[in-house]
Amino acid sequence: METRLETRTVISEFIGTLLLVFFAVGSAVLAADYIGTVGIALAFGFTLLALAYALGPVSGCHLNPAVTLGMLVAHRISVRTAIEYWIAQMLGGIAGAAILFLLAKQVPGLKTSGAFGSNGYGDRSAVHINTGGAFLAEVMLTFLLVFVVLAVTHKVAMVGFDGLPIGLSLAVIHLVGIPLTGTSVNPARSFGPAIFAGLDALEQFWLFLVAPLVGGVLAAVCHQFTHPRAGDLLDRERALS
């Protein structure tokens with residue numbers, strides 16, 4: 001029974017990440033000229049919101065190695081579960097990008113090399129942000145996402161309206177981050193498109209792997225100070241009584 005549950009959660013993370021990359025990154029690849037930055041930001045937020053309700057009760061709907069790392073640091077999941085989620089998320093990101101690439105090839109004149117919804121800094125940034133600025137931006141943007149996820153979910157699974165603030169925060173994050181780095185905050189979201197974007201995107205992927213993970217860890221550490229565990233709250237109440 002436990003093995004069956006673990007299989008479902010891993011499959012959920014794979015499918016969810018695949019769909020996030022295909023639809024959200026797809027909005028940038030296929031529809032950027034029609035919906036603009038605001039539309040792309042909303043596509044990311046709405047996609048995650050929908051998936052949170054669909055998959056949140058199953059796996060927690062992390063769909064992001066940085067979120068999973070935050071959950072691990074917060075002691076909500078085991079190391080084994082984190083590793084399984086990371087593998088599923090990275091493979092899901094690649095699969096989603098591959099399907100998106102196949103669809104993009106069916107659109108006459110659509111260029112897939114160079115950008116393809118990938119992230120970047122320097123010449124690959126809309127505002128030509130430097131390496132240090134891109135790193136700081138990704139750390140802070142990821143911090144917000146992971147902090148919100150940890151704050152609204154008291155366990156691994158999402159319940160009730162947990163998905164709403166998470167989806168809204170991802171939309172806001174993209175409104176700020178798209179001009180800077182294209183907004184990663186998610187190594188799985190960055191790696192898949194980078195494979196099909198070309199060598200320049202892959203050479204810069206290291207930043208979009210390291211910075212989101214740093215942001216996730218910092219969010220988990222800060223969350224422990226702002227949102228003490230139930231046992232800590234009980235101890236505090238007893239001390240005051």
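Say whether the condition of being more than 18 Å from the chain's Cα centre (by Cα), among the aliphatic types (A, V, I, L, M) and buried (at least 17 other Cβ atoms within 10 Å of the Cβ) is met by at least one residue in the range 126-139. Lay out the reasoning, then the answer.
First pass over the range 126-139, keeping only residues more than 18 Å from the chain's Cα centre (by Cα): 126-133.
Next, from what is left, pick out any that are among the aliphatic types (A, V, I, L, M): 126-127, 129.
Remaining after also requiring buried (at least 17 other Cβ atoms within 10 Å of the Cβ): 129.
Yes, because at least one residue in the range 126-139 is more than 18 Å from the chain's Cα centre (by Cα), among the aliphatic types (A, V, I, L, M) and buried (at least 17 other Cβ atoms within 10 Å of the Cβ).
Contact annotation: residue pairs with Cβ atoms under 6 Å, 6 or more positions apart or on different chains, pairing a residue in the range 13-25 that is touching a residue at least 40 places away in the same chain (Cβ under 8 Å) and buried (at least 22 other Cβ atoms within 10 Å of the Cβ) with a partner that is basic (Lys, Arg) and in a helix (DSSP H, G or I), are 21/189. A count restricted to the range 45-69 and to residues that are at pLDDT 95 or above, in contact with a Lys or Arg (Cβ under 9 Å, 6 or more places away or on another chain) and at negative phi stands at 1. For the range 69-111, a residue qualifies if it is touching a residue at least 60 places away in the same chain (Cβ under 8 Å) and more than 22 Å from the chain's Cα centre (by Cα), and the qualifying residues are 103, 104, 107, 110. When you scan the range 80-91, do you find a residue that is out of contact with any helix residue (DSSP H, G or I) (no Cβ under 8 Å at 6 or more places or on another chain), in a helix (DSSP H, G or I) and of a type in the set (D, E, K, R), even just one? Yes, because at least one residue in the range 80-91 is out of contact with any helix residue (DSSP H, G or I) (no Cβ under 8 Å at 6 or more places or on another chain), in a helix (DSSP H, G or I) and of a type in the set (D, E, K, R).
Here the helices (runs of 4 or more DSSP H) wholly within the range 159-207 that include at least 3 residues being closer than 18 Å to residue 42 by Cβ are 163-181.
The rows are residues; the columns are (1) over 19 Å from residue 173 (Cβ atoms); (2) modelled with pLDDT under 95; (3) hydrophobic (A, V, I, L, M, F, W, C); (4) touching a His at 6+ places or on another chain (Cβ under 9 Å).
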position: 1; (1), (2), (3), (4): yes, yes, yes, no
position: 5; (1), (2), (3), (4): yes, yes, yes, no
position: 23; (1), (2), (3), (4): no, no, yes, no
position: 27; (1), (2), (3), (4): no, no, no, no
position: 41; (1), (2), (3), (4): no, no, yes, yes
position: 72; (1), (2), (3), (4): yes, no, yes, no
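The values are calculated or read from the model by the stated rules, or taken from the named source; none is laboratory data. No experiment lies behind these values; they were computed from the predicted model shown. Positions of Cβ are backbone-derived with ideal geometry, glycine not excepted, and every protein chain shown enters the neighbour counts.
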